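The values are calculated or read from the model by the stated rules, or taken from the named source; none is laboratory data. What you see is a predicted model; the values in this text were computed from it and never measured. With ligands, DNA and RNA removed, areas are computed over all heavy atoms of the protein, side chains included. Shrake-Rupley method; radii C 1.70, N 1.55, O 1.52, S 1.80 Å.
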Amino acid sequence: MAETKKSTASGKAVKAEPEKVSAEVKAEASAKEEVAEAKETKAVKKETKTTAKKAPAKKAAEKKTTAKKAVAEKAEPKAKEKKEEPAVMQAVHLQFSGKSYSTEDLQKIAADVWKHDLQKGDEAYKSVELYVKPEESIVYYVFNGDITGSFFI
């Protein structure tokens, strides 16, 4: 086998066999790799420490935002329900003999009849059914399913 020269740390050339040289080179390479791995491990540990310090702050911020959302949801449940309803405007107008009444107008008149003519309180006013007869200019009503009567329009 051929002998090769290898320099040492002291700078002297040493004769070595090729098999020994390759083993020593491999040992040096593996030592360098271990040093590089150790450096990477230290860097990873530093990163985890900094993220660990930031994590509680992030968790606190997330808790605050979820708490705000929960409060907002509790404060506005009716607003969400209204948003879900279709935005279709409906109006019914009854026109006859030069007169015009909307359903709201007839309901207001019926409520006045309930309060003033029948002298009943708002607590007892639960439902009303109105039947309009334009040829007679009369509206027939049924309050709470049992009180009946009529008024002129």
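So which of Leu94, Leu118, Leu106 is over 45 Å from the mean Cα position of the chain (by Cα), open to solvent by less than 60 Å² (accessible area, probe 1.4 Å) and of a type in the set (A, V, I, L, M)?
The unique qualifying residue is Leu118.
Which members of the stretch 136-149 meet the condition of being open to solvent by less than 60 Å² (accessible area, probe 1.4 Å) and not in a loop (DSSP other than H, G, I, E, B)?
Ile138, Val139, Tyr141, Val142, Phe143, Ile147, Gly149 - these are the residues of the stretch 136-149 that are open to solvent by less than 60 Å² (accessible area, probe 1.4 Å) and not in a loop (DSSP other than H, G, I, E, B).
Do we have Ala79 as open to solvent by less than 60 Å² (accessible area, probe 1.4 Å), farther than 21 Å from Thr148 by Cα, assigned to a helix (DSSP H, G or I) and modelled with pLDDT under 90 here?
Yes.
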